[in-house]
Amino acid sequence: MFTQNLLNSKQRRYLVNIIKSQKDFFAGLFYTVAGAAFAIGATNYNVGTGARMGPGYFPLLLGVLLAVIGAFVMFKALTVETQDGEKIGAWAWKPLFFIIAGNLLFGILLGGLPSIGVPAMGLIVAIFGTTLVVSLAGDTFKLKEVLILATILSIGSYCAFVLLLKLQFPVWPTFITG
C-alpha cells in the first residue's frame, strides 16, 4: 500500500516483472537483513582470529553466511522464471500465533516468572508444553504423535545439554526437586 502511493502503475508493473518469485525475493531479503544484523551485532564482541576465536567470531561468520545465502536467494528470485510468479499470499495467523506462543511458553516454563509466583518447571516440562502448543499450528493434531515427538525431544535435549555439555539449568519442576 505504501509503495502504491509512491509508484505509478507503469513503475509498479516494471518492478513486478523484474521479480520472478516474490516468495523467494522477500525470503532472501529477510535472510540478508537478519544476517547483516547478526554480523554487525557480533562486532560488539571480541572477534579474535581463526586460531584464537573470540565470542564474536562464530556469530559473525554465521551472520555473513546467512547474508550471502540471502543474496543468492534474492538473485535467484530475480533471474529464474516461475510459473505464477509465486505471489505472497495472506498471512497465516494461526501458525504464527501458536509458534510465537510456544516460544514464549518455553521461556516461562523453563525459568518461571518469580515476579508473579510462577515456579520454574524445568527442561522436560518446557519441551512437552512447547511441543504441544506448537503442534496446534498445523492442520492436523495427533496427540500420540505429538507425545512421542516431545519424548524424543526431551530425551535428546537432556542428553545433549545436561549430560554432554553439562549446562546448569533446571531439568524438573522446582517443587519436585526442591
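Per residue of the chain, the DSSP helices (runs of n ≥ 4 H) give a summed -39500 (n - 2.57) that works out to -20000 deg cm²/dmol at 222 nm. Put in order of Cβ neighbour count within 10 Å, fewest first, the listed residues Val73, Val68, Val125 become Val68, Val125, Val73. Available extension along the chain between Leu96 and Phe175 is 25.2 nm, counting 0.36 nm per residue and deducting the alpha carbon span. Taking amide H as placed 1.01 Å from N in the peptide plane, the amide H of Gly48 sits under 5 Å from that of Gly54, each at least 5 places away or on another chain. Note on Glu145, Glu81: ascending count of other Cβ atoms within 10 Å places them as Glu81, Glu145, the fewest first.
Springs join every pair of Cα atoms under 10 Å in this Gaussian network model of the chain, and among Ile69, Ile116, Ile148 the largest mean-square fluctuation is at Ile116. Distance cut-off 32 Å, Cα to Cα: go down the list Lys87/Lys144; Lys20/Lys94; Lys23/Lys166 and report the pairs above it. With Cα atoms farther than 32 Å apart: Lys87/Lys144; Lys23/Lys166. Here the chain yields Rg over Rh of 1.09, to two decimals, using C-alpha coordinates and the Kirkwood radius.
The numbers here are math on the coordinates, done by the rules we state, and not lab data. Bear in mind that the values here come from a model prediction, so they are computed numbers and not experimental data. Cβ coordinates were reconstructed from backbone atoms using ideal geometry, including for glycine residues, and neighbour counts include every protein chain displayed.
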